[in-house]
Amino acid sequence: MKFHGIVPALVTPFNAAQEVDEPALAALIESLVSSDVHGLFVLGTNGEFFALSDAEKVRIAKLTVELAAGRVPVIAGTGAFATRDVIELNKKMSDVGVQALSVITPFFNAVSQSELINHYQAIGDASDLPIMLYNIPAKTGMSIGIGAVAALSQHPQIKGIKDSAGNFDALVQMMRYRSDDFAVFAGTDSLIYWNLLAGGDGAVAATANAVPHVVMEIWNQFQAGNHEAARAAQESLRPLRDAFALGTMPSVLKKATDLLNVPVGPCRAPVAALDEQTVHKLEGLLAAYQR
């Protein structure tokens, strides 16, 4: 597959007992596919991958593949600190039929750039699926440097990068290594339009859980050459993005998805539900999105 377009980073729906809510996952997937997204990204940061067991991850990926039913490709997050753990999970994901893998950098213990390159090269060597690098230094404590991007973009199984650093200058520098065989994706939703303008390939967008029509409008208007409309759609994401500061990730996104799209339930503890006052404030911020 080729990494391309708008790929929502799905939240993981839970029921009141904080178990995976399979009917809610089905409803979310139907909502997104019907909005003409280009793929589905599961088990990312907003998907609470860090709160899921490997067995749950494999089950969620398998369900997503089944529910997507070939209409769009499925990308599964498989990051872990240990190289061997990523390789093992990648094999399980391949077995359940995902079309691509997203591998976050090692976290908690920041490694050197040479160690990082070796990590990804070993993962790529062992993989039969295309891999998207995932850079989110605010959460992992380390970043994929431009030199590492240059080296890893040459690996035959590493087909792109999702950059969630929020640094537009670094994103532009990555464009030097973009090719038909290596995609550069925005992972920060405030940079979707700007990534496309700089020559990027698309975005893995968490806000699409709540407002898929808005995120798709950025893409569709850009492709039509309507830059003013595309930029206006980009700016219209600001209230939702700003609202994220109201709670611990991804509690605000999940509540916004409940209010604007489909019910996806709570986060897994220790992340708590928003209190009534915060929900009221969120509703005010989201009023602009009501259709």
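A few comments on the model shown:
- Centroid-to-centroid separation of the range 9-59 and the range 83-141 [C-alpha atoms, Å]: 20
- Candidates 213, 38, 227: whichever shows maximal mean-square fluctuation once the chain is modelled as a Gaussian network with Cα springs under 10 Å: 227
- Members of 2/255; 91/254; 57/255; 2/91; 57/162; 57/281 lying beyond 26 Å, as alpha-carbon distances in this model show: 2/255; 91/254; 57/281
- Percentage relative contact order, the chain, counting C-alpha pairs under 8 Å, at least six apart: 19
- Fluctuation leader among 20, 11, 184 - the chain, Gaussian network, Cα springs under 10 angstrom: 20
- Selection from 69, 108, 87, by position along the positive dipole direction of the range 64-128 (Cβ): 69
- Alpha-carbon Debye profile of the range 166-291, log10 I(q)/I(0) at 0.09 Å⁻¹: -0.29
- Heavy-atom accessible area order for 177, 120, largest first, 1.4 Å probe: 177, 120
- Assigned charges on the beta-carbon of Lys, Arg, Asp, Glu; the chain dipole about Cα centre (debye): 240
- Full extension of the chain between residue 245 and residue 50 yields a length gain of 68.2 nm, computed as 0.36 nm times the residue separation minus the alpha carbon distance.
- Solvent-accessible surface of the chain, taken per residue with a 1.4 Å probe and all protein chains present: 41 Å².
- Taking every Cα-Cα distance in the chain and sorting them into 5 Å bins from zero, the calculated P(r) comes out as 1, 6, 13, 17, 20, 18, 14, 8, 3, 1, 0 percent.
The values are calculated or read from the model by the stated rules, or taken from the named source; none is laboratory data. The structure displayed is predicted, hence computed values, not measured ones. Counting neighbours? That spans all protein chains shown, and the Cβs are built from the backbone with ideal geometry, glycine included. Just so you know, the surface numbers come from the protein's heavy atoms only, side chains and all, with ligands and any DNA or RNA stripped out. Shrake-Rupley method; radii C 1.70, N 1.55, O 1.52, S 1.80 Å.
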